[in-house]
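The structure appears right after this line, and notes come after that.
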Amino acid sequence: MTTHRTRHRSDVWPALLFLLPAGFGFVLFYAWPAVQTFYLSFTDYSLLAAPNWIGAQNYRDALGDARFGNALLVTVEYVVINIGVQTVAALFIAVLMHRLTKSSLVRGLLLLPYLIANVVVALVWYNMLDAQLGIVNAVLSWVGIDPVAFFGETSTAIPTIALVNVWRHMGYTALLIFAGLQAIPKSVYEAAAIDGASEWRIFRGVTLPLLRPVLAMVLVLTVIGSFQIFDTVAVTTKGGPVDATRVIYFYLYEKAFQQFDFGYAAALSVVLFLILAGLAVAQLRLLRAGSSDLD
Amino acid sequence: MHNKLSKLAALAVAVPLALVGCAGAPGGGSGSDEITYWLWDANQLPAYQACATDFEKANPDTKVKVEQFGWADYWNKLTTDLVAGTAPDVFTNHLNYFATYAAKNQLLPLDEFVTRDGVPTDVYPQGLADLWTTQDGKRYGLPKDFDTVALFYNKEMLADAGVAEADLANLTWNPQDGGTYEKLIAHLTVDANGKRGDEPGFDKTKVAVHGLGLDENNGAGVGQQMWSMYALSTGWTYTDENPWGSHFNYDDPRFQRTMAWFRGLMDKGYLPSLATARSGTSVNDGFGAGKYALSTNGSWMINSYFGYDGVEVGVAPTPTGPSGKRATIFNGLADSIYTGTDNREGAWKWVKHLASAECQKTVGEQAVVFPALPEALAVAKEKFAAKGVDITAFTQPVDEGATHLYPITDHAPEIAAVMGPAIDAVLTSQADPASLTQANEQVNALFR
């Protein structure tokens, strides 16, 4: 027992050393910029001149900024559609894979959209969905439906962007859930089958409860990722028409890199950080991610 | 075993550290005998590479490294490099950005060099060189090219509609009924049943060809290719004075009536809705695909418009407005020197060469843009003609004095952030043109 313990302790230093490069990267590229951002959020900073301390002024401005409020709303709309559809679709695909096929070809195919760069996906869909020249509208008009300006209407722009990203991410999310499904012991399914439970009953009574910790993790990760929507907007609608797709990250980018208002942009990103942190904690609590029903 | 582990760990730490060390070494800034030069237009890269080769022949001790980055990356990269102190010695500058950079002391004033070497600044078309001087009279660039806006048309659609090309040179416009210009647009609009926009029974909900195309870009408060040629032809001006105005006129009835007329074209089905225009492809691709008969756009787009297979294209000047004159924005680019350059003399020599007749003629040879110097413009005109493009429609307003300078003011990005959504809201009928008065107040508040 004692030898075991000494052995344990002597491994600590090499372990720390191995962690150091990652820690170094974390401090340099995440922690330090985060601290810097926090500091800059209390300053008036135009990048090309030294920051000027102005206290909480940026936060007071943010409170009265209607466009920031709009950006939050638009982002929430995006996240709700994106995560809602994506989670259901991914869960469905994962269960199908789990119950029906072991083919790694199918799994590979599902992952394909995720392997294409975000910007490329956005641009291809942007072209395909064009009201006058896009192939999707050509098909729609062929079945007698009037063209829809998916990206161009203020009412459809955000749902369109959300669904394009569902298309790209659902295969990947499905694989994460699929991994969780494989951790569920076969015996519980056999037991359910012996009891004569239907597929739906098995899904409701066995799969979903046992999948909860994995689903919680997937939701936390995808929701945070979803809030950071930027690239699709940046290469397609650029925040328009009017303010329909001016999501929070795009607004922040405009403030910082187009209007050189880095202090204000920093304040907005701190607010966003607080919102996301709160959301992640709430999610983990609600979904009891730490415990499993398998115990 | 532990020893080995520790060594491995140490190595794992040392390698990334070493890499970071490399990244810390000065990157972008060039050595004293090399000048780095940036531009964003890939089409112009061969021309400026040729200028660089000529320059190096004449100045064997100075090398020029020409680098090109796409428009979107260009300004982000330039800004971050300015902050890091690694910006290029010389770079192509745009009027939208130059005021900000000059105000933040990132650009080297050229006056001292211009006076010393006796470089003429009165050889350019009227006003072009003045665009690059700030309010305190300092000069930050020598004009290299210029651009104007004109009306591209589809020759076949004109012929089908029985319209003579020559008639397009005499179009008139007013914000009440749109004049002969709107009549032409209506006539060139065709619905799915083949009915023209000016015929009874025209179905505006099923338009096959819009008479006029709508630019997919957000024109913000300038509307350069979108609505500026109408608004400016009423006698309206963006600001109280230009350059360096400090009061905007978006509350002027002439401007708001113009916007009301423009939106009216959408309601009538002659112009695609904003939603359609922003739904995926560019206005020039729509034109190339036969969705628009007419399209207003800048001279920098000539090669795109004339590049579509099987589309016969012509260019006419913009219509004559209530002021009795046509109107177009007159804009241009210049080369600026970074204050942090470690070779001011070399950078200046290169800028001087870029502004010279020799280099501008080389650029003209490529027939991509209009060089700023008249003698080089003549070369370009000839080369464009050889490609089947008559650029008269673009140069005529310059000769007629019908040009208006791009509005140069402080706060340009903030103004765009206010006016972009405000004008979108008018064009999507979410707001009345009168709402632009309120936007104007927001804009003018920036100058207080």
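Each value in this text was obtained by applying a stated rule to the coordinates, not by laboratory testing. Remember, predicted model here, so these are calculated numbers, not experimental data. A quick note on method: Cβ atoms are made from the backbone with ideal geometry, for glycine too, and the neighbour counts reach across all protein chains shown.
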Practice item. Quantify how strongly other chains surround peptide B:203-213 by giving the mean number of their Cβ atoms within 10 Å of each of its Cβ atoms. Key: 1
Revision key, fill the gap. Eigenvalues of the alpha-carbon gyration tensor of the protein assembly as shown, times 5 and square-rooted, give semi-axes in Å, largest first, of 51, 37, 24
Study note, to complete from the structure: Put in order of increasing Cβ neighbours within 10 Å, starting from the fewest, B:Trp71, B:Trp132 give B:Trp71, B:Trp132
Revision key, fill the gap. Honestly region A:41-286 on the Cα gyration tensor test (a ≥ b ≥ c root eigenvalues; a/c under 1.5 rounded, otherwise a/b vs b/c for prolate or oblate) is just oblate
**Study point:** region B:58-132 - Debye-derived log10 I(q)/I(0), Cα point model, q = 0.13, 0.14, 0.23 Å⁻¹
**Key:** -0.54, -0.63, -1.26
Point to revise | Part-to-part distance (alpha-carbon centres) for region A:81-126 and region A:190-210, which is given in Å | key: 25
Revision key, fill the gap. Within 10 Å of the Cβ of an average residue in A:147-155, the count of other chain Cβ atoms is 5
Point to revise | Value of [θ]222 nm, deg cm²/dmol, for chain A, DSSP H segments ≥ 4, -39500 (n - 2.57) each, nearest 500 | key: -22000 deg cm²/dmol
Review point. Exposure proxy check: B:Met419, B:Met301 ranked by fewest other beta carbons within 10 Å?
Key: B:Met301, B:Met419
Exercise for review: With just the Cα atoms of region A:64-174, tell me how far they stretch along each of the three principal axes, in Å, largest first.
Suggested key: 51, 43, 25
Review point. Sorting A:Phe257, A:Phe150, A:Phe29 on the 10 Å Cβ count, fewest up front, what's the list?
Key: A:Phe29, A:Phe257, A:Phe150
Point to revise | Given B:Lys138/B:Lys352; B:Lys183/B:Lys325; B:Lys57/B:Lys383, the pairs whose alpha carbons are separated by over 21 Å | key: B:Lys57/B:Lys383
Check your understanding: What net charge is computed for the residues neighbouring B:Tyr270, neighbours being all others with C-beta under 10 Å from the C-beta of B:Tyr270, Lys and Arg scored +1, Asp and Glu -1?
Key -> -1
Check your understanding: Expressed as cubic angstrom per residue, what is the convex hull volume of the alpha carbon set of region B:152-240?
Key -> 121
Practice item. Enumerate the lysines that A:Lys102 could reach by cross-link, defined here as Cα to Cα under 26 Å, with residues fewer than 8 away along the same chain left out. Key: A:Lys186
Study note, to complete from the structure: Checking rank on A:110-116, A:218-224, with mean other Cβ inside 10 Å and highest first, the result is A:218-224, A:110-116
Check your understanding: Summing Lys, Arg as +1 and Asp, Glu as -1, what charge do residues with Cβ under 13 Å from the Cβ of B:Trp236 carry, B:Trp236 excluded?
Key -> 0
Check your understanding: Can you give me the pair-distance distribution of chain B, C-alpha pairs, 10 Å bins, whole percents?
Key -> 4, 19, 27, 23, 14, 7, 3, 1, 0, 0
Exercise for review: Count, for each residue of B:424-431, the Cβ atoms from other chains sitting within 10 Å of its Cβ, then give me the mean as a whole number.
Suggested key: 3
